[in-house]
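What follows is one structure encoded as C-alpha cells, with my remarks underneath.
The values are calculated or read from the model by the stated rules, or taken from the named source; none is laboratory data. Fair warning: this is a prediction, and the values are worked out from it, not measured in the lab. FYI the Cβ positions are ideal-geometry reconstructions off the backbone, even for glycines, and counts take in every protein chain you see.
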Amino acid sequence: AKRAGGNRAVVFQPELQETALRTFKTEQDLFYALDRGELVLFYQPIVALPGERIIGFEALIRWHHPERGWITPAEFIPRAEETGLIGRIGQWVVEEGLRELAAWPGTELRLSVNVSPRQLSDGALHDALARALEREGVEPGRIILEVTEGALMDQGAVRELARLRELGCLVAVDDFGTGYSSLAYLQRLPIDVIKIDREFVSALGEDPKADRFMRALVGLAHTLELRVVAEGVETAAQRDALTAMGCETGQGYLFSRPVPSTEARALIAGA
Ligand code: C2E
Ligand code: CA
Ligand code: CA
Ligand code: CA
C-alpha cells in the first residue's frame, strides 16, 4: 500500500482488492463447477466405540478446480450460501451421495449429509431427497441430515426438517455445543443424533473439567434418547476417554481422514 506522509496508510490496499477479485472469480467458476463435474464428494468413516467398526460415512464436499487445485468447503460453501447456489449444490450432494451409498454392499451403512440453513427454505431438498431415495431404492433411515444449531432456531427450517424426517430420514445436530442457543430445543425439536464438536473432544485429558463436561453432554444426550457422535477424534487417549464415558460413536483423523469413494469402498471391503 502507498504511504501518505507520516504513519498513515492510504485507503488503497492491493491485497484487499485481490481478495475481492478472487472471490468474484470463485463465484463465477462455482457457477459452472457443477456442470463441469468439478465437485467431488469425499467420505469420512463414522465408527462404533469400542471396536472401531465402520457404521457409516459423512459426505464432505471438495472442489477440484482446474487451475487452483483442491478447494475446501470453508472457501466456497459460504459463497454458495450467499449466492443461493447452495440449493443446486445441495441437490447434487444428495444425488451423488445416495448413488454412492446404493453401491456399498449390504444395507447397514449410513450416510450423513450436511445441510445448510438456506437449503431448508424452499422445499427443493425434500423433493431431491425423495426422488433419490426412490431411484436408488435406499431405506430412508440410512440417511442422516446434519444441521447446525443455528438452523434449529428458525421456525420455517424446523418445519422443513420435520417434513424431511417424515420421509424417514434422521436429523443430527452438527457442531453441538458451539452455538449459543438454549438447550430446550433438544427436547422439542425433530432430532435423532447430536454430534459433539471437535472443540470439546480436543480438550479431553487436558483439564478434568473438560472431561466432566463431555461426560455430562453424553449423559444428557442419552437421557433424551439421542445418539451421540464425537467429532474430531485424533488420539487414542481421546478415543479411550470417550469410550469410557459411554459415547457410542466417533469420527476423526485417528480412524480415517475423509477419502475419495474408491478408498471408502476399500475401507468397507477391508472391514
Ligand atoms: P463439519 O460438518 O463439521 O465437518 C467436519 C470437518 O472436520 C470436515 O472438514 C472434516 O474433514 C474435518 N475433520 C474430520 N475429522 C477431523 C479431525 O480429527 N481433526 C480435524 N482437525 N478435523 C477433522 P471439511 O471437509 O473441510 O468441511 C468443513 C465444513 O464444510 C463441514 O464441517 C461442513 O460444515 C461444510 N461442508 C462440507 N461438505 C458440505 C456439503 O456437502 N454441504 C454443506 N452445506 N456443507 C458442507
Ligand atoms: Ca457435518
Ligand atoms: Ca461438525
Ligand atoms: Ca465443524
*asked:* Exactly one condition in (1) modelled with pLDDT of 95 or more; (2) under 19 Å from the mean Cα position of the chain (by Cα); (3) surrounded by fewer than 17 Cβ atoms within 10 Å (Cβ to Cβ) is false for VAL193; which is it?
replied: (3)
*Check whether at least one residue in the stretch 212-222 is under 30 Å from LEU39 (Cβ atoms) and either touching a strand residue (DSSP E or B) at 6+ places or on another chain (Cβ under 6 Å) or at pLDDT 95 or above (or both), and report yes or no.*
no
*Restricting attention to the stretch 248-265, does a residue exist that is of a type in the set (Lys, Arg) and part of a loop (DSSP other than H, G, I, E, B)?*
yes
_Hits in the stretch 150-178 - residues which are within 14 Å of ligand 2 (Cβ to nearest atom), surrounded by fewer than 20 Cβ atoms within 10 Å (Cβ to Cβ) and farther than 22 Å from TYR43 by Cα_ = GLY150, GLY177, THR178
*asked:* Here's a check for you: in the stretch 177-211, which residue that is within 16 Å of ligand 1 (Cβ to nearest atom) and part of a helix (DSSP H, G or I) is nearest to SER116 (Cα to Cα)?
replied: ARG198
*Please go through the stretch 231-271 and pick out each residue that is of a type in the set (Gly, Ala, Ser), in contact (Cβ under 8 Å) with a residue 60 or more places away in the chain and either within 14 Å of ligand 3 (Cβ to nearest atom) or under 30 Å from GLN187 (Cβ atoms) (or both).*
GLY250
*How about the stretch 86-128: which of its residues are more than 11 Å from ligand 1 (Cβ to nearest atom) and either touching a Phe, Trp or Tyr at 6+ places or on another chain (Cβ under 7 Å) or touching a residue at least 60 places away in the same chain (Cβ under 8 Å) (or both)?*
GLU100, ALA103, TRP104, PRO105, LEU109, ARG110, LEU111
*Looking at the stretch 56-85, which of its residues are part of a helix (DSSP H, G or I), without any contact (Cβ under 8 Å) to a residue 40 or more places away in the chain and over 15 Å from the mean Cα position of the chain (by Cα)?*
GLU82
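Results for (1) assigned to a helix (DSSP H, G or I); (2) within 23 Å of SER202 (Cα to Cα), shown as yes or no for each residue.
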| site | (1), (2) |
| --- | --- |
| GLY141 | yes, no |
| GLY150 | yes, yes |
| ALA157 | yes, no |
| ALA162 | yes, no |
| ARG165 | yes, no |
| ALA172 | no, yes |
| ASP175 | no, yes |
*Would you confirm whether any residue within the stretch 87-110 is under 30 Å from ALA271 (Cα atoms) and part of a strand (DSSP E or B)?*
yes
